[in-house]
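Comments concern the structure below.
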Amino acid sequence: MTRSDLVEELANRFSQLTHRDAEYAVKAILDAMNDALVRGHRIEIRGFGSFSINRRPPRMGRNPRSGESVAIPEKRVPHFKPGKALREAVDQRTAELESKAKP
């Protein structure tokens, strides 16, 4: 699902929202999540999952072309951990789809 698919789904589910309002709502939510992660906060959405920032320590890598060692600096990267309800729903739905696909 893309961002535009999400906007379409929101506009279709809530008929009182115009397409533009749904677009603003999706943008506002994603911007708020982005800002929270940039500030180092954790985002927890019950039943869906949590977003946090993981620290990757500096390390020595290798240039695959030349084979020489390259210093890779420390990074902070976003991390998503799905919630129990989401994991179970995905597992159940994929199992149902697989059972329907088998003759």
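The values are calculated or read from the model by the stated rules, or taken from the named source; none is laboratory data. Here the structure is a predicted model, which is why all the values come from computation and not from measurement. Cβ: placed from backbone, ideal geometry, glycine included. Neighbour counts: every protein chain shown. Remember, those area values only see protein heavy atoms, side chains included, never the ligands or the DNA or RNA. Shrake-Rupley method; radii C 1.70, N 1.55, O 1.52, S 1.80 Å.
Some observations on this one:
- Helix 3-13 and the longest principal axis of the C-alpha atoms of the chain enclose an angle of approximately 20°.
- Rel. contact order, % - alpha carbon contacts under 8 angstrom, at least six apart, the chain: 19
- Across the options T94, L37, G47, the greatest Cα extent toward the positive end of the charge dipole of the chain (unit charges at beta carbon of Lys, Arg, Asp, Glu) belongs to L37.
- Accessible surface area normalised per residue over the chain is 85 Å², counting heavy atoms of protein chains with a 1.4 Å rolling probe.
- The chain - percent of accessible surface contributed by carbon and sulfur, probe 1.4 Å: 54
- Considering only M1, N12, P82, the residue lying farthest towards the positive end of the dipole of the chain is P82, judged by Cα position with unit charges set on Cβ.
- Cross-link partners for K81 among the aspartates and glutamates, with Cα-Cα distance under 19 Å and sequence neighbours closer than 8 places in the same chain left out: D35, E44, D91.
- Amide hydrogen neighbours beyond the local backbone of G83, cut-off 5 Å, H modeled: F48, G49, S50
- Convex hull volume per residue for the chain, taking Cα atoms only, in Å³: 203
- Other residues within the sphere of radius under 15 Å centred on the Cβ of R56, judged by their own Cβ, net out at +3 (K and R +1, D and E -1).
- Cα long-axis angle, helix 84-101 against the chain (0 to 90 degrees, to the nearest 10): 70
- Folded to 0 to 90 degrees: helix 19-38 orientation relative to the chain principal axis, Cα: 30
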